[in-house]
Amino acid sequence: MTSALLLSAAALALQAGADAPAAEQQARPAWVDVITVTGRPVDQAADAVIALSAPPAEPDAAALIARLPGAALIDNGALSGQVQYRGLFGPRVAVAINGQRFASGGPNLMDPPLHYAPAPLLDRIELTRGPAPVSAGPALSARANAVLKSIDYAPGAEPVFSADLTSIVRSVDESIAVGGVAGVATRRQRVQVLASVEEGGDLQTPVATLDGTQHERVVYGAGYAARLTEAVEFTLDLRRQETGPTGNPPFPMDIRYFDTNTARAGLSFDDGGVWRFNAALSHARVDHAMNNFDLRPAPMAMSLRETFASAETAALEAQAERDLAGGVLRMGADHEASRHDVTITNPANAAFFVTPAPAIEMGRTGAFAEWEGPRGGFDVYAGARIDAHEAEAGAPRLGAALPMGPRMLANAFTASDRSWNDVTVDGLIRVSRAVNDQLTWRAALSRKSRAPGYLERFAWLPTPASGGLADGNTYVGDLDLDAEVATGLEAGFDYATPRAYLRPTVHVSWIDDYIQGTPAEPVTPGVADTPLEMVSAMNGDPTPLRFSNVEARIYGLDADFGFALNVAWRIDGVFSLARGERTDVDDDLYRIAPARLRTGLTYEASAWSATLESLAVAEQTRVSAENSEAETPGYVILNAYAQLDLNDQLTLSAGAENLLDQRWRDHLGGYNRNSGLGVAVGERLPGAGAGVWARLNARF
Ligand SMILES: [Cu+2]
């Protein structure tokens, strides 16, 4: 589709769009933030949640979550976005797809969890406000859950066909995305198929068109659910995702492919008696290849690299729930086992291969209990969990072409104790008190933990693989690493009247044994006098970092707010600020989103709405010296979008992004490592230029 056509669609939509009034804001549950993608209420039966239709902007679902208070996008490529929440990101935020969590296949998290939530299939993303409840598993920070579209049971025995399809076009990366879900249901059974196809070209920015930033993703799957009896429900969901060549300029390589299969079966039991049960069994397998020559200028033959990686996760979880003491008691147990393998090769030399993460096996077994309900004028949540972790690595394999240095490191690793286990304990208490219809106070106290990942523990060869830190350093692991433990405190209030709302939260968290890179050889850093430093120098960084336990503190303030100017006009806004500091040395934490304020001015009619939005981002001068992090200037970008309900089945949205074609560089965007990109290597990556987009959603 041409830009002119898109523009006329945008103009058309600007005159016409629909949304829920700001007053419904107060009906949002106190501890979960929800953005809906298509503008439908999340809970139609209760009609309790604001139908907020977000502009799709980037193909990555992590960009959508970044619209919520406290959240930000770590942009490592068009389909490699991680969620940052209050300064924590990567595996520190618990992200699930339809409730299923599984290990990423890429050692640099080229496939973070939301890689598996393509826009045409996405119904909504839920994000807890503050730390995840203990039932969500161990997590240092919040829980995000991407809920994909699905077909509901029908009211009667007669089979009913339904479908929900979305297509999106965007000019700035010449991308198109089409997909949806369709199925047949009765009162007892439902069967559905889902599919989506996405393809995009090089991203246009005011600085340059970024060569090699294309993306390609296909997903297909099927689901079945049956109410076997009045009390028992069975569900089965299968999906396959094939990601094609996709650019990752902040990494030394780009995605060649991800082939990922996920399966999840669930069983629930509720006969109206005292206890309700549910259980789920899930499996995921990811196969991945990335290289440094398909989407960027190929280096000399001896430096050609292609890395193959795979991950497999199996998980079993079971929960029992009952009413107790005026509230709900939930108890559960879960077990998760994952396997990782990474092999670096040189396609021009069969004798060159090495396994920097050899035959890794990780296991976790946990149990939890939580109670939620009213107590003495307060709404209370209290939960605790305990997890036993184990991890083990195999012995590295090296091809004949590998030189002496890596062999020495591999021998030392093989001779060491490569198994580890530990126990972590998490707890969370939240209380809230409604003072009146308009004002609710809330506070939370948490102790949350995270066991180290496989690279943090077992990376024996200094490589840039770091779970997506993209700071240009090479990293090695530490076999003796301890789990991170965060002690958090937060307080805030939710104020809402029919005319206005304001929901601020202040938070602080002290993190013991926070894991980050520190000089791997601290005695004479920068002097390549150890095998580790010599090998690292050959891999492009003479000063490797080792994942280490340090001490950190994160604190900040975030809020959303809005008010109606009159019946038709309203203003909504989201403000986020977090500071991250080391408390053991004088340094700041790496890759913390700068302070930012998003405000939208919306005109709302019965069938349509239009919004003019500004995003103002402050400079970031609090940077990590340890990670050689560069400062970034602030910027303001303007967007406009509109939504029109054509009828009960069709909704058209359209918009223009970066209206003024402003040059901007996201502090979380990483530095360029692709010499053919169009901007200098080492420069912070520029953001998207001016462009238009349109989205059509059809529901039958
Ligand atoms: Cu990769």
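The values are calculated or read from the model by the stated rules, or taken from the named source; none is laboratory data. The shown structure was predicted, so the numbers you read here are calculated from the model rather than taken from an experiment. All Cβ positions, even for glycine, are placed from backbone atoms using ideal geometry, and neighbour counts span all protein chains on display. The accessibility values were calculated without ligands, DNA or RNA, using every heavy atom of the protein model including side chains. Shrake-Rupley method; radii C 1.70, N 1.55, O 1.52, S 1.80 Å.
The table below lists the values:
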item	result
Failed item in (1) within 16 Å of the ligand (Cβ to nearest atom); (2) surrounded by fewer than 17 Cβ atoms within 10 Å (Cβ to Cβ); (3) assigned to a strand (DSSP E or B), with GLU361 passing the rest	(1)
Test for ASP341: is it out of contact with any Leu (no Cβ under 9 Å at 6 or more places or on another chain), touching a residue at least 12 places away in the same chain (Cβ under 8 Å) and closer than 30 Å to ALA325 by Cβ	no
Residue in the range 115-136 that is open to solvent by less than 20 Å² (accessible area, probe 1.4 Å), within 16 Å of the ligand (Cβ to nearest atom) and not small (Gly, Ala, Ser) present	yes
Residues being open to solvent by less than 30 Å² (accessible area, probe 1.4 Å), in contact with a helix residue (DSSP H, G or I) (Cβ under 6 Å, 6 or more places away or on another chain) and of a type in the set (A, V, I, L, M, F, W, C) - total across the range 521-563	2
Members of the range 274-295 found to be touching an Asp or Glu at 6+ places or on another chain (Cβ under 6 Å) and surrounded by fewer than 18 Cβ atoms within 10 Å (Cβ to Cβ), listed by number	ASP287
Among residues of the range 296-307, those that are within 12 Å of the ligand (Cβ to nearest atom), open to solvent by less than 50 Å² (accessible area, probe 1.4 Å) and outside any strand (DSSP E or B), counted	0
Residue check for ASP482: modelled with pLDDT of 95 or more, of a type in the set (Asp, Glu), open to solvent by 40 Å² or more (accessible area, probe 1.4 Å) and assigned to a loop (DSSP other than H, G, I, E, B)	yes
The range 597-626: number of residues that are at pLDDT below 90 and under 24 Å from the mean Cα position of the chain (by Cα)	0
Selection count where residues are under 15 Å from ALA690 (Cβ atoms) and among the hydrophobic types (A, V, I, L, M, F, W, C), scope the range 613-639	4
Any chance HIS335 is within 16 Å of the ligand (Cβ to nearest atom), part of a strand (DSSP E or B), in contact with a strand residue (DSSP E or B) (Cβ under 6 Å, 6 or more places away or on another chain) and at pLDDT 95 or above	no
Any hit, the range 564-574, residues being on the phi < 0 side of the Ramachandran plot, within 23 Å of the chain's Cα centre (by Cα), surrounded by 15 or more Cβ atoms within 10 Å (Cβ to Cβ) and of a type in the set (Lys, Arg)	no
Residues (surrounded by 21 or more Cβ atoms within 10 Å (Cβ to Cβ) and farther than 30 Å from SER449 by Cβ) located in the range 137-166	LYS149, ILE151, ASP164, THR166
Selection from the range 213-229 of residues that are open to solvent by less than 20 Å² (accessible area, probe 1.4 Å) and hydrophobic (A, V, I, L, M, F, W, C)	VAL219, ALA225, ALA226
Looking only at the range 278-295, and only at residues there that are of a type in the set (A, V, I, L, M, F, W, C) and more than 20 Å from ASN674 (Cβ to Cβ), the one that is nearest to the ligand (Cβ to nearest atom)	VAL286
Pairs with Cβ under 7 Å, 6+ apart, first in the range 403-414 and under 14 Å from PHE353 (Cα atoms), second part of a helix (DSSP H, G or I) and among the acidic types (Asp, Glu)	none
Tally, over the range 192-211, of residues that are under 18 Å from SER171 (Cβ atoms) and either in a strand (DSSP E or B) or among the acidic types (Asp, Glu) (or both)	9
Residue match in the range 81-95 (condition: within 16 Å of the ligand (Cβ to nearest atom) and assigned to a strand (DSSP E or B))	yes
Which numbered condition PHE368 fails, given (1) in a strand (DSSP E or B); (2) over 30 Å from LEU545 (Cβ atoms); (3) open to solvent by 20 Å² or more (accessible area, probe 1.4 Å)	(3)
Any hit, the range 309-320, residues being more than 16 Å from the ligand (Cβ to nearest atom), among the hydroxyl-bearing types (Ser, Thr, Tyr), within 24 Å of the chain's Cα centre (by Cα) and crowded, with 19+ Cβ neighbours inside 10 Å	yes
Filtered residues of the range 343-358 (kept if closer than 13 Å to ALA400 by Cβ, open to solvent by 10 Å² or more (accessible area, probe 1.4 Å) and aliphatic (A, V, I, L, M))	ALA350, ALA351
Conditions (1) over 14 Å from the mean Cα position of the chain (by Cα); (2) within 16 Å of the ligand (Cβ to nearest atom); number of the one not met by VAL193	(2)
Any hit, the range 401-423, residues being under 17 Å from VAL535 (Cβ atoms), in contact with a strand residue (DSSP E or B) (Cβ under 6 Å, 6 or more places away or on another chain), surrounded by fewer than 15 Cβ atoms within 10 Å (Cβ to Cβ) and not polar (S, T, N, Q)	yes
Count of residues meeting criterion [assigned to a loop (DSSP other than H, G, I, E, B) and either touching a Cys at 6+ places or on another chain (Cβ under 8 Å) or at pLDDT 90 or above (or both)] in the range 138-155	10
Single condition PHE352 does not satisfy, out of (1) of a type in the set (Phe, Trp, Tyr); (2) more than 24 Å from the chain's Cα centre (by Cα); (3) within 16 Å of the ligand (Cβ to nearest atom)	(3)
Pick from the range 241-277, criterion aromatic (Phe, Trp, Tyr) and closer than 15 Å to ALA78 by Cα, ranking: farthest from the ligand (Cβ to nearest atom)	TYR257
Filter result for LEU210 (in contact (Cβ under 8 Å) with a residue 60 or more places away in the chain, of a type in the set (A, V, I, L, M, F, W, C), crowded, with 22+ Cβ neighbours inside 10 Å and away from the ligand (no atom under 16 Å from the Cβ))	yes
Near pairs, Cβ below 6 angstrom, 6+ apart or cross-chain, from the range 239-258 (closer than 25 Å to VAL679 by Cα and among the small types (Gly, Ala, Ser)) to any residue that is more than 9 Å from the ligand (Cβ to nearest atom) and assigned to a strand (DSSP E or B)	GLY244/GLU216
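Conditions tested, residue by residue: (1) among the charged types (D, E, K, R); (2) in contact with a strand residue (DSSP E or B) (Cβ under 7 Å, 6 or more places away or on another chain).
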position	(1), (2)
TYR116	no, yes
LEU122	no, yes
PRO131	no, yes
ALA146	no, yes
SER175	no, yes
GLY183	no, yes
ARG187	yes, no
GLN192	no, yes
THR205	no, no
